[in-house]
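Reading through the structure tokens given below for one structure.
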Amino acid sequence: MEIKNVCVIGAGSMGSGIAQLIAISGYSVNLVDISEEILNAIKDKIEQNLQRYYVAKNKLTEEEASKILSNIHYTLNIEEAVKNVQLVIEAILEDMDLKKKLFNILDSICEKHVILASNTSSLSITDIASKCKHQDRIVGIHFFNPATVMKLIELIRGVKTSDKTLEIVKKFSKGLKKTVVTIKDSPGFVTSRLIYVMCNEAINIKMEGIASTEDIDTACKLAFNFPMGPLELSDLVGLDIYNNIGEYLTSEFGEKYKPSSLLKEMIKNNLLGRKSRKGFYNY
């Protein structure tokens, strides 16, 4: 099966970035969210991104940018959005119950040949698919933020994901000019499990007063050749997201993954990072 048309559900920073990437690669994309206001704001944001990062830098002509914009269709109606697509990518909140509910709906309304993928950064694909009838077509496709820039895709194989599903999605992912690694389903996969530990420990170091925010980030950037320090990265991803990942990993693997008490205190005070304009840094 050749993928030509894609549906992305969830127009947040990840979902909108994934939709933009797929449109740039020449596919038709239906982008779904629950609010007309959200969709209108994302439409404006994508238009601005194309102008700022592509047209203004002579990576695209105005005509090419217009063609990309015409590839993205915005809708509130999931049933309409999944018609005539070969792949659905879920990019909603990192909540197991919400994802299970959505995949049960998708499993019932999508044609049997349609592949259902989750962009989860940490939750088990096998668990997400557990109540679905056609679990062989469910797979994890973990993009990184920003999806248009980051080169990696983690492809996660659930217990019942078929060879055919994996092969099709791997070919599609490589067609987006990404490097693909295939991961056996396990909470946190490879990247989220590792990066969470580093960022959580950096937050503990900050809490213990061992070094300032800036010095922790500078030390990591220069010592490990990281483009971004762990506290900067935490702000970018969202402190609430890291807390959710930590609680999930703790439930699966034990207390060594317990989120820092400073992380919890910051969330309590709505210091979530870039999304709230204040976290370890001000924005």
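No value in this document is a laboratory result; all are computed from the given coordinates. Note that this is a predicted model, so its numbers are computed, not measured. Every residue, glycine as well, gets a Cβ built from its backbone with ideal geometry; the counts of neighbours run over all protein chains shown.
Net charge around K164, counting only other residues with Cβ within less than 9 Å of its Cβ (Lys, Arg = +1; Asp, Glu = -1)? Residues close to K164 contribute a combined charge of -2.
The DSSP beta bridges internal to the chain are antiparallel in roughly 15% of cases.
Net charge in the neighbourhood of Q20 (other residues with Cβ under 15 Å of its Cβ; Lys, Arg +1, Asp, Glu -1) is +3. When the chain is treated as a Gaussian network with alpha carbon springs shorter than 10 Å, the biggest mean-square fluctuation among I125, I245, I183 belongs to I183. Here the dipole of the range 38-129 is about 240 debye; that uses its Cα centre as origin and unit charges on the Cβ of Lys and Arg (positive) and Asp and Glu (negative). The calculated P(r) of the range 11-54, using every Cα pair and 5 Å bins from 0, goes 5, 23, 34, 27, 9, 2 in percent.
Tell me the mean residue ellipticity at 222 nm calculated for the chain from its helices only (DSSP H runs of n ≥ 4, each -39500 (n - 2.57), averaged over every residue, nearest 500).
Value at 222 nm, helices only, nearest 500: -14000 deg cm²/dmol.
Gain on full extension, evaluated as 0.36 nm per residue between D127 and D97 minus their Cα-Cα distance, stands at 9.8 nm. Taking amide H positions as modeled 1.01 Å from N, with prolines and chain starts lacking one, the residues under 5 Å from S118 and 5 or more places away or on another chain are E90, V139, G140, I141. Computed over the range 192-275, relative contact order equals 33 percent, with contacts defined as Cα pairs under 8 Å that lie 6+ residues apart.
For a 22 Å ceiling on Cα separation, which of these pairs sit above it: K133/K160; K99/K133; K131/K171; K83/K133? The answer is K131/K171. The tail of the calculated P(r) for the range 87-157 beyond 14 Å holds 54 percent of all Cα-Cα pairs. For L272, the residues whose amide H sits under 5 Å from its own are K278, ignoring neighbours fewer than 5 places away on the same chain, with H placed 1.01 Å from N. For the range 1-110, GluC sites (Glu not before Pro) meeting the loop criterion (DSSP other than H, G, I, E, B) and having at most 13 other Cβ atoms within 10 Å: E2.
Using only Cα atoms, figure out Rg for the range 192-275 and give it as a multiple of 2.2 N^0.38 Å.
Details: Rg = 12.1 Å, N = 84, 2.2 N^0.38 = 11.8 Å.
Dividing the Cα Rg of the range 192-275 by 2.2 N^0.38 Å gives 1.02.
Give me the tail of P(r) for the range 28-157 as a percent: Cα-Cα pairs with distance above 25 Å. Cα-Cα pairs of the range 28-157 separated by over 25 Å account for 32 percent. Around the amide H of L31, modelled in the peptide plane, lie the amide H atoms of V8, H73, Y74, T75, all under 5 Å away and 5 or more residues distant in sequence or on another chain. Each Cα pair under 8 Å and six or more residues apart adds its separation to the average, and for the chain the resulting relative contact order is 14 percent. Its residue count N sets the reference 2.2 N^0.38 Å, and the alpha-carbon radius of gyration of the chain equals 1.02 times that reference. Can you list the HN-Hα couplings for the range 93-98, worked out from phi with the Karplus curve (6.51, -1.76, 1.60; θ = phi - 60°), rounded to whole Hz and with x for Gly and Pro? After applying 6.51 cos²θ - 1.76 cosθ + 1.60, I find 4, 7, 9, 4, 4, 5 Hz.
Percent relative contact order of the range 233-283, based on C-alpha pairs within less than 8 angstrom and at least six residues apart? Across the range 233-283, relative contact order equals 41 percent.
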